[in-house]
Each structure stands twice: as structure tokens, then as C-alpha cells.
1. Nearest 20 debye, what's the magnitude of the dipole of region 1-150 about its Cα centre given +1 on Lys and Arg Cβ and -1 on Asp and Glu Cβ?
2. How large is ³J(HN,Hα) for each residue in region 20-37, as worked out from phi by the Karplus curve 6.51 cos²θ - 1.76 cosθ + 1.60 (θ = phi - 60°), to whole Hz, x for Gly and Pro?
3. Straight-line reach from Lys394: which aspartates and glutamates have Cα under 12 Å away, leaving out those fewer than 8 places along the same chain?
4. Check Tyr157: other-chain or 5+ apart residues with amide H under 5 Å from its amide H, H built from backbone geometry?
5. Among Lys116, Lys102, Lys59, which one shows the biggest mean-square fluctuation in a GNM of the chain, springs joining Cα atoms closer than 10 Å?
6. For Glu170, Glu329, Glu315, Glu152, which order do you get if you count the other beta carbons within 10 Å of each Cβ and list the fewest first?
7. Given the Cα-Cα distance of Phe69 and Ser351 and 0.36 nm per residue of separation, how much length would full extension add, in nm?
8. Taking each pair of different alpha-carbon atoms in region 296-350 once, compute 1/r for the pair, average those values, and report the inverse of that mean as the Kirkwood hydrodynamic radius in Å to one decimal.
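Here, each number is a calculation from the coordinates, and none is a lab measurement. These figures come from a predicted structure and were not determined experimentally. Cβ sites come from the backbone with ideal geometry, for glycine too, and all protein chains shown count toward neighbours.
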Amino acid sequence: MLKLINILACLLIFFISFTDAFRFSPWLRLWVVFVVLLFPISFLYLLYKQKFSIKCYQKEDVLIILMFFGLFISSLFNPLIKNFNYLLAYFFIFGVCYLYLKGIFYNYVDHDRLLKYNTFGVLFVAIFSVLDFFLFYAVNIDIQTIIPRYRETAASYLGVFRRSYGFSTEPTILGFYFNTLGIIGVWFLWYKFVARMLHKIILTLLFVLGWLFTFSGAAIPALLFSMTVSCLLIFVKRPAINKKSIPFLILLLFIFGFAVVKKNNVYNFFSPIIHKMTLQQAAEGSRPVRWLHDIKLINESPIFGHGPGYASVSERGSSVNWYLFLTMEGGLVTSLPIIFFLIFSFFRIYSSNIPGKIWFMSAFLAGSIHLAAISTFFHPFLWMLLIIFTLHQKQAYYNRYVSI
């Protein structure tokens, strides 16, 4: 049974970016199937073994429970027909996919195997995205029309370049995946995989291309910003430049130098992304318009919000900003615990002493920033990243203990 738990965990991490392709229904995504299978099997194994360490749970995890409590209180103050649906969705993501799986993975799942299959999944999606992009322009073959999907894949950049979807719902969601679990996958490729240097370089370049082909106004700036901030924080903590950080610094300097020399061309090409970053959009349904509307709603009921499911019941679009969305629906009693949870989680990664810390910091910060540009909290990439960090921290402690 333990072997089956590990197999399901590896399948879950491999297919976790399949948020639209091959799903069984609008709500039953492929990765959810593995969670549904994993839950009863792992629970029966837990009852059989009757051994379960709670060391994986940190003080900040209590804030997740406080968030649930806030949502429940908000639903009592604002009874809506969709209250239960949203409470169930939040419980599934944070109760099952984060708190429960965190304990199961910590106690029963092999750390290196999980990270290995995450790398396999990341590279598979990246290679597929690059292949899809070039086949579409080279021989006019659209792979996305062959894959079973519920949504169209028609987004383009500058009206010229078709944006990469991978197996995700939108290019922005693919960017969210690459920015979180994708970064960890590439780091693990270099950290543990036995392969030729040339092969690692080629695979990394394919990942970068897949990431760039999303043309995401959220993903690209978020990762560049988070990597810069993480590098500065590491440098402040340890002023001496680590040799392992030199390629990273050279890459940042190259990007900055190229942007300065070709500033006009760079601005013209990235103008849509720059406009999104600077909120220079005024069209109906654009982010600034939605944000202003939701800020007004928050001012009307800041403490308890308007109730989980309010946006759906009102037949209006989401905030395209999860923090605003959560505050508008659940109030500050719901959003403040999760905001503090993210802050404390980041500082836990920063204060840790694990291999690849800068990459975990960059991925977590990029994912947290990304949630300010989407409302779909139910994509579990950031929460799975925290689970992987917990396992990695446990393994790092074990390796140090054994080496003494």
C-alpha cells in the first residue's frame, strides 16, 4: 500500500499542470483524480500503521484554520446559495490538498522520487509547449485541437504569436505552474540528475522558451522580480558572493544589459505586458476596472465581506486578483490570515538552511505575486510547493544528521 501511495503521489505531481486537458468534467481535472484516489488509500494506511508525525505542521498552518473559520463566519453573515460550494472548494484545496497531503507526503512519500517526477512533469510540459509553438508556425499543425479540452486555445500576443497553453486552462496558469513547481523542477535537474552538461543546458533552454511562450503579463515580471529580490536578500544575509550564484547573476546582468541597449525594441515588443504591469488598461473587464469595482465592494463590508460565492451569484467576473477576491467575498477575517500565512511561510524558507534555498524563495515569491493577477486559488501549484519545501527541509536535516 505504501508503494501505491508513492505511485499516486508521483502521478499527481507529474500531471498537476493538467488543469484543462484530459479532464473528465468541468470540475474533475486529471490531477484531482489522483487526489481522490490518494485520500482513502492513504487514510486506510494511516489507520493501519497508526504512526503519523505532526512535525511537518508549522505554527503558521494554524492561520489556514483561521481562514476557514473566517469563511464560515462570513457565510453566516451573508447567506448565499453558493456558500456551501465555495466552502467545499476551499476545504478541498487547503484542507485536503495542503494540510492533509502535507502530512501524508511528509510521513510516507519518498522525497527524491517526488522531486524527480516533478522535474519529469515540468520538462514534459515545457517540451510540449515549445513543440506546439513551432509546429503551429512551421507546418501549421495545431496540436491543441487534437487534445480533449473544455476551453479554446486562441489567446495571442500582439495579434501575431499564439500563446502557449501547455495542458493548462490559460497561458497565465501555465506561467503560474512554471514560476512555482517549474523553477523547482529545473533546480532539481541540476542538483540531482546525472546527465551531461549539454543535455541539462538544452533542457533548461527548452524550459525558458516554454515559459517565455506563455507571454504572460503576470508570470514573466513576477519571476524576474522575485529572483532579483531573493538574490538581494541572500546577498544581504551573506555578503560574500557564492560561486553557485555567479551564473544567476550573469544571467540577470545579461538581461538588464540587453534591455538597456535595445530599449526601444524591447519596449515595443513587451508593451502589452508593461501596460498590464502598470495597469494602463481602461477597457471594460480589464484588471484595473475590476479591481476598482471590488475595492468599492470591500469598503461596503470590510470585515465580513459579501459572502463566499458572491461574485458567482451576482453573475459577474472574478477580481483577477485573489487577495481582493478573498477580501471582497470573505472579508478581512478571511484574507488577513492567509496573507500572514504567506508572509510567515516566505520567512521560514528564507531562514532555512537547505540546498537550493534561493530557488525555493524565488518560486514561492513569484507564486504569491502571481495570485495578485488571478483569482483561481484552486490551482494547487503554490501550495504543493510548500509541501515540497517541507519534505526538502526534512531531507536536508536528515542528511546533516547522518553526516555527523
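1. 460
2. 9, 5, 6, 7, 7, 7, x, 10, 8, 7, 4, 5, 5, 4, 5, 5, 4, 6
3. Asp110, Asp112
4. Under 5 Å from the amide H of Tyr157: Arg162, Arg163.
5. Lys59
6. By the 10 Å Cβ count, ascending: Glu315, Glu152, Glu170, Glu329.
7. 98.6 nm
8. 11.7
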